[in-house]
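A short write-up of the structure that comes next.
Please treat every number below as a calculation from the coordinates, not as lab data. Predicted model, so just to flag it, every value in this text is computed and none were measured. Quick reminder, even Gly has a Cβ in these numbers, built from the backbone with ideal geometry, and neighbours come from all protein chains shown.
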Amino acid sequence: MPPTSLEQIIPQLRDAIGPVILISGVGLLLLTMTNRLGRCIDRARQLQNELMGQSGAERAATQAQVDIIYRRAKIIRLAIVLAVGSALLAALLVMTLFLAAWLGWQHAWPAAVIFTVCLGALCVSLLAFLIDINLSLRALKLELEFYAAQK
């Protein structure tokens, strides 16, 4: 029998708070990731313009940076896709909790599966984010080594 009063739905509201907080946290991660993606795109365009007037070792060094930035952009895109998937799964979890309460389901496995996949996607997204951080340091190292060799 579906809940008919506010007192009957309060436990489901309490249970839904965790996934809602997760959605908020993932939203902040997405803000950071999209900012990093925008910076990658801007830097790649800047370096691409610089490539037109370069030749030799300078061109090779700049092209290596462009290649790393493109790789970073693909990794950040993967991180964003997984983070969005995690947020969508958290929203689906909230809906599942309310639907389960409404329909009187006693099985916990749908919510457990959704929550596990949600956190798995978030973990992989964060790993991709760490890979991006390491690649950005690698690009910086290449740039610093090139300028040090020029002096």
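Quarter the surface of the alpha carbon convex hull of the chain and you get the mean projected area, 10.5 square nanometres. Using the rule -39500 (n - 2.57) for each DSSP H run of four or more residues, divided by the residues of the chain, the 222 nm mean residue ellipticity is -33500 deg cm²/dmol. Restriction of the chymotrypsin sites (Phe, Trp or Tyr not before Pro) in the range 80-151 to DSSP coil positions whose beta-carbon has at most 16 other beta-carbons within 10 angstrom yields W105. Helix 6-51 against the longest principal axis of the chain: what's the angle in degrees, Cα atoms only, rounded to the nearest 10? Taking the Cα atoms of the chain, the angle to 6-51 is about 10 degrees.
Can you give me the angle between helix 56-103 and the longest principal axis of the chain, using Cα atoms only, in degrees from 0 to 90, rounded to the nearest 10? Helix 56-103 sits roughly 0 degrees off the main axis of the chain.
Of the residues V117, G56, N134, the one whose Cα sits farthest toward the positive end of the charge dipole of the chain, with +1 on the Cβ of Lys and Arg and -1 on the Cβ of Asp and Glu, is G56. With contacts taken as Cα pairs under 8 Å at a separation of at least 6 residues, the chain carries a relative contact order of 34 percent. In this Cβ point-charge picture (+1 for Lys and Arg, -1 for Asp and Glu), the chain has a dipole of about 420 debye about its Cα centre. Between A57, A16, A100, find the one with the highest GNM mean-square fluctuation for the chain; connect C-alpha pairs within less than 10 Å. In this elastic network of the chain, the residue with the biggest mean-square fluctuation among A57, A16, A100 is A57. Please give the length that would be gained between L126 and Q48 if that part of the chain were fully extended, namely 0.36 nm times their separation in residues minus their C-alpha to C-alpha distance (nm, one decimal). Contour length minus the Cα-Cα distance gives 25.2 nm.
For the chain, with a Gaussian network of springs between Cα atoms less than 10 Å apart, report the residue from R14, R77, R36 with the top mean-square fluctuation. The residue with the greatest mean-square fluctuation here is R14. Please compute the modelled spin-label separation between F146 and Y70, points set 7 Å along Cα→Cβ, answer in nm with one decimal. Placing both labels 7 Å beyond Cα along the Cβ direction yields 1.5 nm.
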